[in-house]
Protein chains: 2
Amino acid sequence: MEIIECIINISEGQNKENVEHVIDAVRQTAGCFLLDFSSDADHNRTVITFIGNRQSLPVAIRELYKRALDRIDLRQHKGEHPRMGAVDVVPFVPIQDATMEDCIALSKQVGAMIANEFKVPVYLYEESQANPDRKNLAKIRKGEFEGLPAKMKQPEWKPDFGPAEPHVSAGASVVGARMPLVAFNVNLGTPDIKIADTIARNVRGIGGGLQFVKAMGVELKERKIVQISMNMVNYKKSPLFRVFEMIKSEAARYGVPVVGSEIIGLLPQDALFETAEFYLRCENYTPACVLENKINGVLYQAIK
Amino acid sequence: MEIIECIINISEGQNKENVEHVIDAVRQTAGCFLLDFSSDADHNRTVITFIGNRQSLPVAIRELYKRALDRIDLRQHKGEHPRMGAVDVVPFVPIQDATMEDCIALSKQVGAMIANEFKVPVYLYEESQANPDRKNLAKIRKGEFEGLPAKMKQPEWKPDFGPAEPHVSAGASVVGARMPLVAFNVNLGTPDIKIADTIARNVRGIGGGLQFVKAMGVELKERKIVQISMNMVNYKKSPLFRVFEMIKSEAARYGVPVVGSEIIGLLPQDALFETAEFYLRCENYTPACVLENKINGVLYQAIK
């Protein structure tokens, strides 16, 4: 069964009634299933996580835009989190029986729909964006809602879809396909933050380490230890076990042990299966070896 | 969603029409789903793997018995595999939202039903059997169909359910709850079978090693290496990573490297998740960390 995850960020995290009204767009769409949502009042922002397929997701997103544009006015919006749209970011993540290419095509279809129906300019990002200078969300969003009118006058910031000016109350949206994010932290048996900082700099992509790892050193003061806190933006190409072994080896150079690790939020099963495969030196592992994958395949077939 | 796996062994592996007729009992039962079946003509035996719940499994099994008893006559049966019943073994394995206790209760309910409706004597085995001398399948089945009339006269082989004599054409059945089996082999970088035999003896339960591991040494002649071939009969209590590390350490004593491993057939996802958890020294892993578990939970809820 095709499963694509969509993690929509809307610029409303204070008015519960508005948040529920927007989320109901997902709940009411056949073939879409709400996994989770979390509102942050300080950020004044809500992250809505749901799944569906190429047919059902555009239906839910159209209704969600209708409701969000009706209730959210960025001219009145204050919050700590950077934002440029009432519906700020719309990422698509391939989960099952869907490829990255499927998600790229879907993001372009949805981007065009948003621009045409709601007159909201759309920027493609990450895997959906061919221009390397426009792949990064922070770069696209720099200047935020308030800076949009000036930014959009620059030819290099012409949107991928829709009008050349921001929507008066809803700004602009960023839409695209990306890999699932894995937040993974490794704890070191030392209180010395300098060691964590150094190792973080060495293992992360920008420091010459693993390309799809973002890392920084963090103090865990209560436990009197330090941590390498990481975002794994492509766990297939820069896997957990490889960064873990690299940190072990770097820490050993200071005589420091790795005392533990933490998974933050959810991670795809493959990230753990491939870790087991690596350490067991398994010669014939495939996802088809897993009993539950077989069972879910049969059950999904029955649902169809 | 409650999922219990049932892996029925019937004593027919040659007549395809008979095999299909019996398997149709599973296919036709609402709430049961056929995962797999495989017939072996030399063994004259078919293994039928399906899933269902406490409501649907007894319905499928009743119909399966009706069909099997109609088509299989052990007085005419020849095959290499030991057998004592037309329907030889009926194991129940807890997979999801079902405990071992649930499967034990189900096995007793199904055992009583088989005895009452089909007049087939039933022996409980494994987790369903309180008497330690009657837990082991090979021990119960010793003497096979032909030896049953004499064996059943012994007071210690009075069946748990049903008549005191074998069914004239269908013999007796063995029914019970057990853990999923994991078949896991570890390859050593040496052609010396004595090393594999010694390590196998040391890591397996009966040799003083890990209690729920059965192991033997095997030569892989084409590759000119040897293998520790294992059945992990309780991967929760004797996990893959522990036996793997033990074999690594024992092999190192001979200067021999572990060059790989193999998973045979299917294994439960937990066996791999817990391996990853061990090697990553993860402090907060639970099955709820896995995205697909969250997704399947939401989808199953929707099916209900």
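The values are calculated or read from the model by the stated rules, or taken from the named source; none is laboratory data. Remember, it's a predicted structure, so these values are computed and weren't measured experimentally. We place every Cβ from the backbone using ideal geometry, glycine too, and count neighbours over all the protein chains shown.
Here are the numbers:
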quantity	calculated
Any hit, the range B:89-105, residues being in contact with a Ser or Thr (Cβ under 9 Å, 6 or more places away or on another chain), of a type outside the set (Asp, Glu) and farther than 30 Å from B:Asn296 by Cβ	no
From A:Tyr254, A:Tyr285, A:Tyr300, residue being within 11 Å of chain B (Cβ to nearest Cβ), over 22 Å from the mean Cα position of the chain (by Cα), surrounded by fewer than 18 Cβ atoms within 10 Å (Cβ to Cβ) and among the aromatic types (Phe, Trp, Tyr)	A:Tyr300
Residue that is closer than 21 Å to A:Gly162 by Cα, assigned by TED's automatic domain parsing to the domain that holds A:Ser173 and either at pLDDT below 95 or not in a helix (DSSP H, G or I) (or both), where the choices are A:Ile8, A:Ile51	A:Ile8
Some residue of the range A:186-195 being outside any strand (DSSP E or B), outside the structural domain of A:Val258 (by TED's automatic domain parsing) and of a type in the set (S, T, N, Q)	no
Boolean, A:Ala276 is free of Cβ contacts under 8 Å to residues at least 60 places away in the same chain, out of contact with any helix residue (DSSP H, G or I) (no Cβ under 8 Å at 6 or more places or on another chain) and within 14 Å of chain B (Cβ to nearest Cβ)	no
Candidate set: the range B:181-204, residues that are surrounded by fewer than 22 Cβ atoms within 10 Å (Cβ to Cβ) and closer than 30 Å to B:Pro94 by Cβ; chosen: the one nearest to the chain's Cα centre (by Cα)	B:Leu181
Filter result (free of Cβ contacts under 8 Å to residues at least 12 places away in the same chain and not in a loop (DSSP other than H, G, I, E, B)) within the range A:135-144	A:Lys139
Within the range B:218-233, tally of residues that are under 12 Å from B:Ile247 (Cα atoms) and over 18 Å from the mean Cα position of the chain (by Cα)	2
B:Leu64 modelled with pLDDT of 95 or more, touching a helix residue (DSSP H, G or I) at 6+ places or on another chain (Cβ under 8 Å) and assigned by TED's automatic domain parsing to the domain that holds B:Met113	yes
Residues that are within 12 Å of another protein chain (Cβ to nearest Cβ), under 17 Å from A:Leu181 (Cβ atoms) and surrounded by 22 or more Cβ atoms within 10 Å (Cβ to Cβ), drawn from the range A:1-41	A:Ile4, A:Glu5
Complete set of residues in the range B:257-282 that are β-branched (Val, Ile, Thr) and either surrounded by fewer than 17 Cβ atoms within 10 Å (Cβ to Cβ) or within 24 Å of B:Thr49 (Cβ to Cβ) (or both)	B:Val259, B:Ile263, B:Ile264, B:Thr275
Those residues of the range B:221-251 which are within 11 Å of another protein chain (Cβ to nearest Cβ) and either of a type in the set (D, E, K, R) or surrounded by fewer than 18 Cβ atoms within 10 Å (Cβ to Cβ) (or both), in sequence order	B:Arg223, B:Glu245, B:Lys248
Search result, residues across the range B:288-297 that are touching a strand residue (DSSP E or B) at 6+ places or on another chain (Cβ under 7 Å) and surrounded by fewer than 19 Cβ atoms within 10 Å (Cβ to Cβ)	B:Lys294
Checklist (1) in contact with a helix residue (DSSP H, G or I) (Cβ under 7 Å, 6 or more places away or on another chain); (2) without any contact (Cβ under 8 Å) to a residue 40 or more places away in the chain applied to B:Ile247, failing item	(2)
Of all residues making up the range B:50-88, the number that are touching a Ser or Thr at 6+ places or on another chain (Cβ under 7 Å) and of a type in the set (Ser, Thr, Tyr)	1
Qualifying positions in the range A:140-156 - surrounded by fewer than 15 Cβ atoms within 10 Å (Cβ to Cβ) and of a type in the set (A, V, I, L, M, F, W, C)	A:Ala150
Any chance B:Gly260 is within 8 Å of another protein chain (Cβ to nearest Cβ) and out of contact with any Pro (no Cβ under 6 Å at 6 or more places or on another chain)	yes
Hits in the range A:110-131 - residues which are surrounded by fewer than 21 Cβ atoms within 10 Å (Cβ to Cβ) and either in contact with an Asp or Glu (Cβ under 7 Å, 6 or more places away or on another chain) or polar (S, T, N, Q) (or both)	A:Asn116, A:Asn131
Residues within the range A:57-109 that are of a type in the set (A, V, I, L, M, F, W, C) and farther than 20 Å from A:Glu20 by Cα, tallied	10
Leading residue by the ranking (farthest from the chain's Cα centre (by Cα)) among those in the range B:49-60 that are away from chain A (no Cβ under 14 Å) and buried (at least 21 other Cβ atoms within 10 Å of the Cβ)	B:Ala60
Odd one out for A:Phe92, checked against (1) farther than 16 Å from A:Val122 by Cα; (2) touching a strand residue (DSSP E or B) at 6+ places or on another chain (Cβ under 9 Å)	(1)
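Conditions (1) out of contact with any Asp or Glu (no Cβ under 8 Å at 6 or more places or on another chain); (2) free of Cβ contacts under 8 Å to residues at least 24 places away in the same chain; (3) among the aliphatic types (A, V, I, L, M), marked per residue:
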{"residue": "A:Glu5", "(1), (2), (3)": "yes, no, no"}
{"residue": "A:Ser11", "(1), (2), (3)": "no, no, no"}
{"residue": "A:Val19", "(1), (2), (3)": "no, no, yes"}
{"residue": "A:Gln55", "(1), (2), (3)": "yes, no, no"}
{"residue": "A:Pro91", "(1), (2), (3)": "no, no, no"}
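Every residue, every condition in (1) touching a residue at least 60 places away in the same chain (Cβ under 8 Å); (2) of a type in the set (Lys, Arg), yes or no:
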| site | (1), (2) |
| --- | --- |
| A:Ala60 | no, no |
| A:Ile72 | yes, no |
| A:Glu80 | no, no |
| A:Met84 | yes, no |
| A:Val87 | yes, no |
| A:Gln96 | yes, no |
| A:Thr99 | no, no |
| A:Lys119 | no, yes |
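Results for (1) over 20 Å from B:Glu283 (Cβ atoms); (2) modelled with pLDDT under 95, shown as yes or no for each residue.
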site: A:Ala200; (1), (2): no, no
site: A:Lys221; (1), (2): no, yes
site: A:Lys237; (1), (2): yes, no
site: A:Val243; (1), (2): no, no
site: A:Met246; (1), (2): no, no
site: A:Val258; (1), (2): no, no
site: A:Asp270; (1), (2): yes, no
site: A:Thr275; (1), (2): no, no
